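One structure below.
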Amino acid sequence: LSTIDQSQNALFGMGNPLLDICAVVDKDFLDKYGLKTNDQILAEEKHKEMFEEIVKKFKVEYHAGGATQNSVKVAQWMIQEPHKVATFFGCIGKDKFGKILKEKAEEAHVEAHYYEQSEEPTGTCAACITGDNRSLVANLAAANCYKKEKHLDLEENWKLVEKAQVYYIAGFFLTVSLESILKVAKHASENNKIFCLNLSAPFICEFFKEALMKVMPYVDILFGNETEAATFAQERGFETEDIEEIAKKAQSLPKENKKRQRIVVFTQGKEGTVMTKGVETFPVLKIDQSEIVDTTGAGDAFVGGFLSQLVQDKTFEQCIRAGHYAANVIIRHAGCTFPEKPDFH
């Protein structure tokens, strides 16, 4: 595996490319649309006006986003050279926002191969920030139109999948194309490569648990935060609320590729990160409350940092250190954005 760090397309991500519309909002705005302070949901009919209102009423910033895309961008940023270590697949519209996403992926040196269609506009995600909380409402639109047979199955695209050694997909994509996830997951499992999945949001653990459990046997590394872990445990009927116990139970769920033991990694914000190898908790880097600008993308950044080391065959401890470093950088900036170069050793 020593050649991995020199190789392009070693890291593969697939998910919902979204343009983030970030704004600091007030409590009235959250209440009006029935939003919780730290949540992630899909937009419903009642949220349609919200996207126009947030742009009219508050000062907004646009950032290229979507959980998986954020993570592969951060991984590429951590790696720096060579460019295009990370590949990303997802669906966008033929519109202004789609154009921005393409430009941003290029600036981040990620090899993005979007499936472009004109039925639906590029997906957006409103990040409604209050204090150091953020409530995310995703309007998937085009992201929801990803089609396995129209994109993933095409020979030139599948070749890029085969080049990869490490695969990462956020649980959000379970709502879009389970068959695409399974195709990639089975390829990883059969070729003893590393497949990583994120629980991503409580609603995924709750309402998409069937799809989640279809993918679980192929998962080598499972990511989640404390809220997602708790919901997952509840839905699976684990008789515990202890995060380390939940991690152990998730680790021992059935697994296809027996050559790799599943690793479970649960972050807990400013509390330590739990990883099952034994079961260890790793403290996060200290940060002054006043230095936190925006926690949007902190979880995605953690995964990105983790993947940047994983793809270079570093130890899991090093992966976690890099994850903590990347998250610590991201929360000092608005949106999932970062300085030109990392300072990680």
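The values are calculated or read from the model by the stated rules, or taken from the named source; none is laboratory data. These figures come from a predicted structure and were not determined experimentally. Cβ sites come from the backbone with ideal geometry, for glycine too, and all protein chains shown count toward neighbours. These accessible areas exclude ligands, DNA and RNA; they are computed on the full protein's heavy atoms, side chains included. Shrake-Rupley method; radii C 1.70, N 1.55, O 1.52, S 1.80 Å.
Overview of values
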item	result
Built amide H within the under 5 Å cut-off of Asn225, gap 5+	Ser200, Thr267
The stretch 109-216: GluC sites (Glu not before Pro) in DSSP loop, at most 10 other beta carbons within 10 Å	Glu119
DSSP-defined beta bridges in the chain - what % are antiparallel, rounded to 5	35
Coil-residue GluC sites (Glu not before Pro) of the stretch 211-294, DSSP, other Cβ within 10 Å capped at 15	Glu239, Glu241
Residue-by-residue Karplus 3J(HN,Hα) for the stretch 175-180, coefficients 6.51, -1.76, 1.60, Hz, glycine and proline x	7, 9, 8, 4, 5, 5
Beta bridges per DSSP with both ends in the stretch 176-319, % antiparallel, nearest 5	45
Pairs from Lys102/Lys286; Lys48/Lys183; Lys32/Lys249; Lys57/Lys96; Lys73/Lys186; Lys48/Lys163 whose Cα-Cα separation, in the structure shown, is over 28 Å	Lys102/Lys286; Lys48/Lys183; Lys32/Lys249; Lys48/Lys163
Antiparallel bridge percentage (DSSP; both residues within the stretch 1-108; nearest 5)	55
Most mobile listed residue (Thr122, Thr87, Thr130) in the chain, GNM with C-alpha springs under 10 Å	Thr130
Per residue, in Å², the accessible surface of the chain once ligands and nucleic acids are set aside, probe 1.4 Å	44
Prolate/oblate/rounded label for the chain (Cα gyration tensor, a/c 1.5)	rounded
Spatial separation of Cα centroids for the stretch 259-327 and the stretch 61-82, in angstrom	16
Phi-based couplings in Hz for the stretch 29-42 (Karplus 6.51, -1.76, 1.60; Gly and Pro marked x)	5, 4, 4, 4, 9, x, 9, 8, 4, 10, 9, 9, 9, 8
Listed residues Ser308, Ser189, Ser118, most fluctuating in the chain (Gaussian network, C-alpha, under 10 Å)	Ser118
Exposure ranking of Asp343, Asp26 by accessible area [1.4 Å probe, largest first]	Asp343, Asp26
Accessible-area composition of the stretch 43-120, carbon plus sulfur, in percent [1.4 Å probe]	47
Karplus-derived 3J(HN,Hα), 6.51/-1.76/1.60, for each residue of the stretch 117-133, Hz, glycine and proline x	9, 10, 5, 10, x, 4, x, 10, 9, 7, 9, 9, 9, 9, x, 9, 9
